[in-house]
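What follows is calculated from the coordinates using simple rules that are stated; it is not laboratory data. Quick caveat: nothing in here was measured; it's all calculated off a predicted structure. Backbone-built Cβ (ideal geometry, glycine too); neighbour counts: all protein chains shown.
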Amino acid sequence: EEERMKLEAYREAVRDMHMRIRSFGGAKLVMPAPPTPIPLPLSVGQRVTAIHPRNRQICDGSILTIDRMKFRVQFDRPELGVELLKDTDAMPME
């Protein structure tokens, strides 16, 4: 239980940092160095590999919209359509 709480606290810290980066629109933002490397935030139009929420298969797609904890992804396979995903269910293709 303690590990889960630590993980969720870390995820919240990363989400906060990503929101600050996005709100500056690419301007240079000076922040203290995090204790562990933090992945760059995903952006609209970026290609991702994601877990489809209905069939739980790993599929490729593109980000259409971004919310604090969710991404709307258009999957490459037309039959999979557009789905709203948790931020922990997508990663950049590059």
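Structural remarks
- Computed 3J(HN,Hα) for the stretch 52-60, one whole-Hz value per residue from the Karplus formula 6.51 cos²θ - 1.76 cosθ + 1.60 where θ = phi - 60°, is 5, x, 8, 9, 6, 8, 7, 9, 9, glycine and proline marked x.
- Note on the chain: dipole from Cβ charges, positive end direction compared against 66, 52, 80; the farthest Cα belongs to 66.
- Helix-only mean residue ellipticity at 222 nm for the chain, each DSSP H run of n ≥ 4 adding -39500 (n - 2.57), per residue, nearest 500: -8000 deg cm²/dmol
- Gained length - residue 74 relative to residue 20, 0.36 nm times residue gap less alpha-carbon distance: 16.9 nm
- Each 5 Å bin from zero up to the one holding the largest Cα-Cα distance in the chain carries the following percent of pairs: 3, 12, 22, 20, 18, 13, 8, 3, 0.
- Between the helical axis of 2-23 and the longest alpha-carbon principal axis of the chain there is an angle of about 90 degrees.
- Amide proton proximity set for residue 48, modelled H, under 5 Å, gap of 5+: 61, 62, 63, 93
- A simple charge model with +1 on the Cβ of Lys and Arg, -1 on the Cβ of Asp and Glu and nothing else charged puts the dipole of the chain at about 280 debye relative to its Cα centre.
- Each of the trypsin sites (Lys or Arg not before Pro) that DSSP puts in a loop and that has at most 13 other Cβ atoms within 10 Å breaks the chain; the longest unbroken stretch is 1-27.
- Judged by the ratio a/c of the largest to the smallest principal axis of the C-alpha gyration tensor, the stretch 48-94 counts as rounded, that ratio being less than 1.5.
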